Amino acid sequence: MSAAAAPAAGSPPLRDAVEPVISVTDVSLSYGPVLAAHDLTFDVRPGEFVSLIGPSGCGKSTALRAIGGLLAPQSGAVIVNGSPVTGPRPSEISFVFQDLALYPWRSARRNVEIALQFAGVSSRERRTRAMDALAAVGLGDVGDRFPSQLSGGMQQRVAIARALVSDAKILLLDEPFAALDEQTRLKLGGQLLTLLEEHGKTVVFVTHSLSEAAYLSDRIVVMGPRPATIKDTITVPLARPRHPSSMREAEFHSLTDQLTGLLYDDANE
Amino acid sequence: MISWRRPATYTAVVAVILVVWVLLTATGAVKPILLASLPSVWTSLTFLASDPQSVLLPLGVTLGETGIAFGGASILAIVIGVVIGSSTLLRRAYEPLLTTANALPLVILYPVLAAALGVGSNSKIALGALYAFFPVAIATAKAASLVDRRLIVAAEVMGATRSQVTRSVVLPAIVQPVIAGLRVSLALSLVTIIAAEFISGAGGVGYQLAASSQSLDTPTLFAWVVIACALTVVVNVVFTIATNALTKGIKR
Ligand SMILES: Nc1ncnc2c1ncn2[C@@H]1O[C@H](COP(=O)(O)OP(=O)(O)O)[C@@H](O)[C@H]1O
Ligand SMILES: [Mg+2]
């Protein structure tokens, strides 16, 4: 039994009955002497899309690194699939970094393939799966181009394809659409949702965009700054599947108002 | 596009040298014993060419020694450079050592090497290898330490083992600086080995230079100078072709 079953007041009872895939309990994180996050507690259930939102520099990436096994908690526990995270788990968790980490000497296709190469997949299968993953993010025709020959948005989609191509069911996305304008960002986000549902992925998504978080998420973890703390965890009242028209619903507006309120509080402190 | 420029530049440089050469000798500005006239050098060259063995054998000796010295030292230097460059601790400890050793006039070790390994090929290979080692080791260590950490972390997150990180991330990331180091090393080891052959030895291009110089056969001496220059050019062209192929093989 996870202690993380206690959180958000509004959680439907049905969801509490399912074991979380990720549970973060009383986690504090630090870089050397600097405390970066304090007492974080939230969980993510199978197939759920949870966003971490907060002002830039508040510790969202840091929290994601802890889930991905790149930063050991100073106290508290990060449990993924039932066992404490002590390092990267390539077969369970894939990561899209804020700075993408594409290999400049590898073509888009071979950047996607590298995930499969490390997983020991044969070179023939690698090729077809990489091409499929690129096609799925709308880059079927630029597989031979190098990252430097792609726009920022295309590079981000290559990084997403690289994360989607692996069999890992948990996807950690760190501001994957940061380089894009609001419209493109929401359009790609919508496409991403479809892909994630097809692949049955569980997602933790970092963003600083209110509308992006509201449009894509099942739940939103609102974080406050320095050290990062959780201000609130909000269940998104919008039905699935989401559609751009979801953004015209009254619930959407009251949700973004609520988020603005929570984040604006921060700014005043 | 640019490919014709390089040969054109080389041709121009050679032409200028030949013209100056002809002017210096034809006007009598320089004594023939110091600088042989172009026709006499040509005669010596054709004489040498009439017995190909007399040219190919020394060339083979020098090339073989350089190949072993440069090849062995480079491989060792890349391995050591990657190990040192990948660890902050090792880098702090050993990088100053490499830089200092590189600044030493290593040729002072030649008498020691000759005493230990004999005046044959082995001592020359050892000296050439010493000269080849440091530029590559320094370039590799420096480049390996500058590899973007995020690219390494991303590989680890995707399940790469240490050796996979080295092969698929570190080595491809450092090719260009390592190739630059290799180019310096190749030139240094070739020069060092020819010089060592010149000082003591019984074979190789350097020995031929020494022999014709001692017998005051200036035309043959200059014929060997021409051969040594041609050897250097050919070695560099082969190196460029090989490294271009390597770079293309990595960037795909
Ligand atoms: N590698 C690091 N070393 C030291 N401090 C860091 C490091 N990474 C982030 N920080 C600090 O931790 C805090 C949170 O950073 P981060 O998690 O990147 O924020 P966010 O992703 O929300 O913008 C910031 O104050 C940042 O300066
Ligand atoms: Mg961040």
Computed [θ] at 222 nm, deg cm²/dmol, chain A (DSSP H ≥ 4; -39,500 (n - 2.57); rounded to nearest 500): -11000 deg cm²/dmol
In whole Å and largest first, what semi-axes does the C-alpha gyration tensor of the protein assembly as shown yield when each eigenvalue is scaled by 5 and square-rooted? 67, 24, 19
Reciprocal mean inverse distance between Cα atoms of chain A - Kirkwood radius, Å: 19.0 Å
Projected onto the charge dipole of chain B (+1 at Lys/Arg Cβ, -1 at Asp/Glu Cβ, origin at the Cα centre), which of B:Leu221, B:Ala129, B:Ala36 gives the Cα projection farthest towards the positive end? B:Ala129
Accessible surface of B:Phe134 in the full protein assembly, 1.4 angstrom probe, to the nearest 10 Å²? 30 Å²
What size of dipole, in debye to the nearest 20, comes out for chain A about its Cα centre when the only charges are +1 on Lys and Arg C-beta atoms and -1 on Asp and Glu C-beta atoms? 1000 debye
How long are the semi-axes of the equivalent ellipsoid of the range B:52-251, taking √(5λ) for every eigenvalue λ of the Cα gyration tensor, in whole Å from largest down? 38, 19, 12
The correct pair for the range A:97-149, radius of gyration to one decimal and Dmax as a whole number, both in Å and from Cα atoms, is 10.7, 30
In the range A:96-131, which residues give up 30 Å² or more of accessible area once the other protein chains are added, compared with their chain alone (1.4 Å probe)? A:Phe97, A:Asp99, A:Ala101, A:Tyr103, A:Trp105, A:Arg110, A:Phe118
For Cα pairs less than 8 Å apart in space and 6+ apart in sequence, what is the mean separation divided by the residue count of chain B, i.e. the relative contact order in percent? 24 percent
Give the ranking of A:Glu48, A:Glu182 by solvent-accessible surface, highest area first, calculated with a 1.4 Å probe. A:Glu182, A:Glu48
Solvent-accessible heavy-atom area per residue, rounded to whole Å², over the range B:52-251 at 1.4 Å: 48 Å²
When DSSP beta bridges are limited to those with both residues in the protein assembly as shown, what percentage is antiparallel, rounded to the nearest 5? 50 percent
What list of ³J(HN,Hα) values in whole Hz, one per residue of the range A:209-219 in order, does the Karplus curve 6.51 cos²θ - 1.76 cosθ + 1.60 (θ = phi - 60°) give from phi, with Gly and Pro shown as x? 9, 4, 5, 4, 4, 5, 6, 9, 8, 8, 9
Radius of gyration, Dmax [the range A:194-237; alpha carbons; angstrom]: 12.0, 37
Over the Cα atoms of the range A:162-269, what is the Rg over Rh ratio if Rh follows Kirkwood? 0.96
Rg/Rh over Cα atoms for the range B:179-252, Kirkwood Rh, comes to 1.14
At a cut-off of 50 Å², which residues of the range B:144-188 become less accessible once all protein chains are present than in their chain alone, using a 1.4 Å probe? B:Arg150, B:Leu151, B:Val157, B:Met158, B:Ser168
When we measure straight from the Cα of A:Lys201, which aspartates and glutamates land under 16 angstrom away, once same-chain ones fewer than 8 places off are left out? A:Glu19, A:Asp43, A:Glu48, A:Glu92, A:Asp167, A:Asp174, A:Asp218
Calculate what fraction, in whole %, of the accessible area of the protein assembly as shown sits on carbon and sulfur atoms when a 1.4 Å probe is rolled over the protein chains. 65 percent
Under a cut-off of 16 Å between alpha-carbon atoms, report the aspartates and glutamates in cross-link reach of B:Lys31, not counting same-chain residues fewer than 8 places apart. B:Asp217
Estimated 222 nm signal from helices in chain B, with DSSP H stretches of n ≥ 4 weighted -39500 (n - 2.57), rounded to 500: -28000 deg cm²/dmol
Can you give the accessible area buried between chains B and A, summed over both chains, with a 1.4 Å probe, in Å² to the nearest 100? 1800 Å²
For a quick check, take a GNM of chain A with Cα springs below 10 Å and name the residue from A:Arg145, A:Arg106, A:Arg124 with the largest mean-square fluctuation. A:Arg124
Using heavy-atom solvent-accessible surface (probe 1.4 Å) with all chains present, what is the largest-first order of B:Cys229, A:Cys58? B:Cys229, A:Cys58
Just want to confirm a number: the relative contact order over the range A:67-161, from Cα pairs under 8 angstrom separated by 6+ residues, in percent. 28 percent
Keeping all protein chains in position, work out how much accessible area B:Arg6 exposes to a 1.4 Å probe, and write it in Å² to the nearest 10. 140 Å²
Cβ-Cβ cut-off under 15 Å around B:Gln208, Lys and Arg +1, Asp and Glu -1: the net charge is -3
What fraction of the DSSP beta bridges in chain A is antiparallel, stated in percent and rounded to the nearest 5? 50 percent
What size of dipole, in debye to the nearest 20, comes out for the range B:77-166 about its Cα centre when the only charges are +1 on Lys and Arg C-beta atoms and -1 on Asp and Glu C-beta atoms? 80 debye
Sorted by accessible surface (1.4 Å probe, heavy atoms of the protein chains only), largest first, B:Trp21, B:Trp224, B:Trp4 come out as B:Trp4, B:Trp21, B:Trp224
For the range B:52-251, what is the charge dipole size about the Cα centre, in debye to the nearest 20, if Lys and Arg each add +1 at the Cβ and Asp and Glu each add -1 at the Cβ? 780 debye
For chain A, what relative contact order do you get, as a whole percent, if you take Cα pairs closer than 8 Å and at least 6 residues apart? 24 percent
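The values are calculated or read from the model by the stated rules, or taken from the named source; none is laboratory data. Computed from a prediction, not measured in an experiment: that's the story for all the values here. Glycine also receives a Cβ, built like all others from the backbone with ideal geometry; neighbour counts cover every protein chain displayed. Remember, those area values only see protein heavy atoms, side chains included, never the ligands or the DNA or RNA. Shrake-Rupley method; radii C 1.70, N 1.55, O 1.52, S 1.80 Å.
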